Amino acid sequence: MGFHTKSPDRITQEEEANIGVENQPRATTSTALDRSQILKTRNWWICIFVCSGLVAAGRVLSTLLLNFYFIQIRRNVCDDPKRFRGTWLQSLVQNAAFPSTAFLLLLWRSSFSTQRETSTPCYSSFGKLFLLYISLGVLFVAYSQLYAIGRTHSLFFFWIFTSQLIFTSIFTTIINKQKFNRWIILSMCTGLGITSSGDAYIPCENNEGSRMSNGAWCSFFGTVAFSLSLCIMQLGFQKVIPTTESRVSAVMLMQTNASMIATLICLVGLFVSGEFKDIKEDLETFKKGKQLYVWSLIGLSLAWQVMSLGLVGLVCLASSLFSNVVSFCAIPLANILLVLAFRFMDADVKYFKEGALVAGILGFASYVYSLYKSTKKKEIASQSETTRV
């Protein structure tokens, strides 16, 4: 009839061949993508719980060692004239353990780095990275110094300290475009209820009104600086940190550089203020001896660095708000261990602390459940896109 036709049998054979050639790679690719996604999700959850453990361990150890240090140098005595000194030393110790993180960074890169990770980022990003680390270093100094002053001067330090969650939620909404759901709000509400403390460094009620007022304002601005630092970290991971860096390297690099800048600023403040002269006196009057004085400061610095590393890791993996929630949820555990170690509080207050621990666990679980739901939605979306392709 003028048309060149093929037999039905031949058409069927060719179609079957095409189907075998085209669909087999697609099925294999889909399976490989599913396995890769499952592996990434599993590793992500492992990192989340590891960083949460670092925050909890750092919070507990720093609280115990800080109170041990206060008691041994008689900072818990109301009529001691040294009670209001040593704030720059506290700020210095809080940031001075950055060489340990730098060592871990070098060890990680030498063991697990790839060609893609170690490639040099473009020069246009160096200015942004420098500005990021400088701003974080200044904020580290600001909140560590302001918190040290607020702790020594204000009776309401721990109540003001709780406002971190409020400021973090405000800043992360503006800067990081954080979206809230009922589970996140529930975790924040439980975190706001955790205000108890068994600190040995509670200011005396007979402090001067002006000193108490200054301490309250320092505590307030310290919470603002800390919350802002977390949100700037998240912005840095989203916009500034080179994509050639792995998450582990990026976290350790940020913590190392920001802490190094903060340490240099604290050293300047220590010598300009003249507080370096008090170190020798503290060393001589430390009840447990000079060696334990040195080791307590080293241990305290390492504990703070561990907690900070966990906080930065949670910011990178999840969000600044989740990092702050985990930090708050670890406070009741530290307070209970503090009571057992130093017996600061009565038995009646102990029950309140146990209730705060339960609230902290519920707050952590609520936010983790929110993360679980969001990751499930992403997995379903990626699977549907793969099926369409």
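We did not get these values from a lab; they are worked out from the coordinates using the rules stated. None of these values were measured; they are calculated from a predicted model. Note: ideal-geometry Cβ built from the backbone for every residue, glycine included; neighbour counts use all protein chains shown.
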Quiz item: Which of the peptides 319-328, 169-178, 269-278 is most tightly packed, and how do the rest follow, judged by the mean count of other Cβ atoms within 10 Å per residue?
Solution: 319-328, 169-178, 269-278
Quiz item: When ranked by the protection proxy of mean other Cβ atoms within 10 Å per residue, highest first, what sequence do the peptides 105-111, 48-54 form?
Solution: 48-54, 105-111
Quiz item: Rounded to two decimals, what ratio of Rg to Rh does the stretch 123-182 give with C-alpha atoms and a Kirkwood Rh?
Solution: 1.11
Self-check item: Leu107 versus Thr375: modelled label distance in nm, points set 7 Å from Cα along the beta carbon direction
Solution: 2.6 nm
Self-check item: Sorted by Cβ density within 10 Å, fewest first, the residues Arg85, Arg247, Arg151
Solution: Arg247, Arg85, Arg151
Quiz item: Quick one: which of Lys128/Lys179; Lys128/Lys277; Lys40/Lys177 span more than 31 angstrom between C-alpha atoms?
Solution: Lys128/Lys277
